[in-house]
Amino acid sequence: MNEELMDIVCCPVDKAELELSVESRDDGEIVAGSLTCTECGTVYPIEDGIPNLLPPDMRETSA
Amino acid sequence: MNEELMDIVCCPVDKAELELSVESRDDGEIVAGSLTCTECGTVYPIEDGIPNLLPPDMRETSA
Amino acid sequence: MSIREAFDAWAQEGKDRGMEERHWHTAKHALARMPIEEGDTVLDLGTGSGYALRALRERSIARGYGLDAAPEMVANARSYTEDDAIAFLRSDFQALPFAENSIDHAFSMEAIYYAEDPVEVLSELRRVLSPGGTVYCAVDYYEENVHSHEWQEYIEIPMTRWSREEYREAFREAGLYVAEQDNIPDREVEIPPADAFPTESFETREAMIERYHTYGTLLTVGVAP
Amino acid sequence: MSIREAFDAWAQEGKDRGMEERHWHTAKHALARMPIEEGDTVLDLGTGSGYALRALRERSIARGYGLDAAPEMVANARSYTEDDAIAFLRSDFQALPFAENSIDHAFSMEAIYYAEDPVEVLSELRRVLSPGGTVYCAVDYYEENVHSHEWQEYIEIPMTRWSREEYREAFREAGLYVAEQDNIPDREVEIPPADAFPTESFETREAMIERYHTYGTLLTVGVAP
Ligand SMILES: Nc1ncnc2c1ncn2[C@@H]1O[C@H](CSCC[C@H](N)C(=O)O)[C@@H](O)[C@H]1O
Ligand SMILES: Nc1ncnc2c1ncn2[C@@H]1O[C@H](CSCC[C@H](N)C(=O)O)[C@@H](O)[C@H]1O
């Protein structure tokens, strides 16, 4: 994931801003980490460079 | 010219409403007459069923 | 020379029907894309023979208004249809005699570039269109279509030769959203075998194919906010 | 069955690339019509292999975001490009993780009808698009295309089968203007000679021609107010 996504990304549920926490980078790209909703506190994981922004209820059924 | 045109037609110059005066009809259609601007008073002729709504200055140069 | 002088002569020579036949190749595709609903009111700017409105009536528009400055053009157009829902009027592109929000959609084929100030025409269209109304503006005469450049030599009316990008810019300058831009190929014009070239109009077969298949007709679709 | 289960299997079998190849026949024409400007941000809904964004980058969009619920789809899509300006994310059509007015244009090919509530998808698109931003929504699965009806048998996700008119209505219900609707023919699919029919998919050559040349891909273009 590229940090520029932060300019436009938001929580899929309540559309509030997200806070980025980086675990690892590769050549600038965020490979692992998470995005946390500043409103509802939901944590969205970033794995293999791809943020998973499915709403929590869909994450369950499709996991 | 069909009278329904009156619903949407206006003076090409100041966009004010027009007043219809009918000289002759054929089967409901207005064949001759005129449209007069309720604002600037310009008279637009209807001839052979076709209203001439060119602005007066263009009417001169193109007549 | 006035619009009237130039185009009345065309109408008298039957060029209105000739244009209809040639323009129909691509105009019909542009018309087919229009999001027309039953009961709509449609304006055709520079209507020529009025074919666009006759075609749209088959899709149940309530009213079609064909606007043209040349009296012989509108007289001919009027004589080609008996349909009461189609009306023609003489008027200029830059001073539309319609109230705000009175038109659902507008079509114009091979006409806007004859206006003195085509941006003003687009502004006028924006004014008369209802929110969400579209402008389907089709031209064969434009910058990228190099084969059209010489057309200016054959007519004394000064023509505006915009590029694809300039069309988009002009629409936006007039306050219209740009929803689409496309080259509609003309696949119906007959392209003779290679040994027929050079012809009067084309040096090579490739040039003719480029003219009709690659450049075809440039369609720009605007939407009124 | 979940979107993930259904489409991860497709991705693993390489169907993402197969779809790219087949959909490209018509998708490229839809993409070509988009009024993209240099520097735009474009969203691809149900991105599959991500081909649409790769193509639009050649027109200098600043950023392309490919959204897909299936993790194997986005993983594949990511592996097909090294371009930093293209990013993929897992997300659902009906709950877009983008701020208001953050996207210039949106594209979606053969995807929207898998959503539980496609009108909600269009409403979400309207929310994230800037005023004047377009939605290019392309589908082969729709009411008039009778040859597509049986597709539902091959997938356990319920599919919404709208008609042309229902697409226009849904766009308007979601607050989008409808700027265009068109059938884009697929002229690249190979149509065998008459004696090859019936094939597995078509009884007659005429049926296959109708499927690809007449119905092709239904494109509906919406514009955000
Ligand atoms: N400024 C102007 N105001 C009104 N009509 C104009 C005009 N400039 C050109 N025209 C008209 O626009 C037409 C262009 S020729 C194209 C005609 C028709 N749309 C077709 O596709 O065949 C002519 O009929 C001409 O009289
Ligand atoms: N509700 C939903 N949310 C997100 N993605 C979805 C979805 N329903 C279906 N999809 C995705 O939409 C895609 C449809 S297949 C089409 C892929 C691509 N646009 C192409 O033209 O080839 C699949 O990758 C599937 O995973």
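The values are calculated or read from the model by the stated rules, or taken from the named source; none is laboratory data. Nothing here was measured: the structure is a model prediction, and the numbers come from that model. Cβ: placed from backbone, ideal geometry, glycine included. Neighbour counts: every protein chain shown. Each accessible area value is taken on the protein alone, full model and side chains, heavy atoms only, with ligands, DNA and RNA left out. Shrake-Rupley method; radii C 1.70, N 1.55, O 1.52, S 1.80 Å.
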Only one of C:V139, C:V121, C:V146 is open to solvent by 10 Å² or more (accessible area, probe 1.4 Å) and farther than 19 Å from D:Y177 by Cβ; which? C:V146
Quick one: is C:E169 of a type outside the set (F, W, Y) and part of a helix (DSSP H, G or I)? yes
Based on this model, can you work out whether C:E166 counts as closer than 27 Å to C:S130 by Cβ, open to solvent by 60 Å² or more (accessible area, probe 1.4 Å) and within 14 Å of chain D (Cβ to nearest Cβ)? yes
Positions within the range A:6-43 being in contact with a helix residue (DSSP H, G or I) (Cβ under 9 Å, 6 or more places away or on another chain), facing chain D (nearest Cβ under 10 Å) and not in a loop (DSSP other than H, G, I, E, B), in sequence order: A:L18, A:E29, A:L35
So, of the residues in the range A:1-13 that are open to solvent by less than 60 Å² (accessible area, probe 1.4 Å) and touching a residue at least 12 places away in the same chain (Cβ under 8 Å), which turns out to be farthest from D:A95 (Cα to Cα)? A:N2
When C:Y65 is run through (1) open to solvent by less than 20 Å² (accessible area, probe 1.4 Å); (2) assigned to a loop (DSSP other than H, G, I, E, B), the failure sits at (2)
Tell me yes or no: at least one residue of the range C:186-205 is among the hydroxyl-bearing types (S, T, Y) and part of a helix (DSSP H, G or I). no
Assess whether D:R63 counts as being near ligand 2 (Cβ under 10 Å from one of its atoms), among the charged types (D, E, K, R) and over 16 Å from the mean Cα position of the chain (by Cα). no
Determine, yes or no, whether C:A95 is surrounded by fewer than 22 Cβ atoms within 10 Å (Cβ to Cβ) and either within 16 Å of ligand 2 (Cβ to nearest atom) or under 25 Å from B:P12 (Cα atoms) (or both). yes
When you check C:T81 against the structure, is it among the β-branched types (V, I, T) and open to solvent by 10 Å² or more (accessible area, probe 1.4 Å), yes or no? yes
Step by step: first the residues of the range D:4-31, then only those that are away from chain A (no Cβ under 14 Å), among the aliphatic types (A, V, I, L, M) and out of contact with any Lys or Arg (no Cβ under 9 Å at 6 or more places or on another chain), then the one that is farthest from ligand 1 (Cβ to nearest atom). Which residue is that? D:M19
D:I209: passes all of (1) more than 20 Å from D:P118 (Cβ to Cβ); (2) within 18 Å of the chain's Cα centre (by Cα) but (2)
Would you confirm whether any residue within the range B:30-42 is surrounded by fewer than 18 Cβ atoms within 10 Å (Cβ to Cβ) and within 17 Å of C:L96 (Cβ to Cβ)? yes
Here the qualifying pairs (Cβ atoms under 7 Å; residues six or more apart or on different chains; first in the range C:1-21 and farther than 21 Å from C:S108 by Cβ and touching a residue at least 24 places away in the same chain (Cβ under 8 Å); second part of a helix (DSSP H, G or I) and away from ligand 2 (no atom under 16 Å from the Cβ)) come out as C:Q12/C:E72
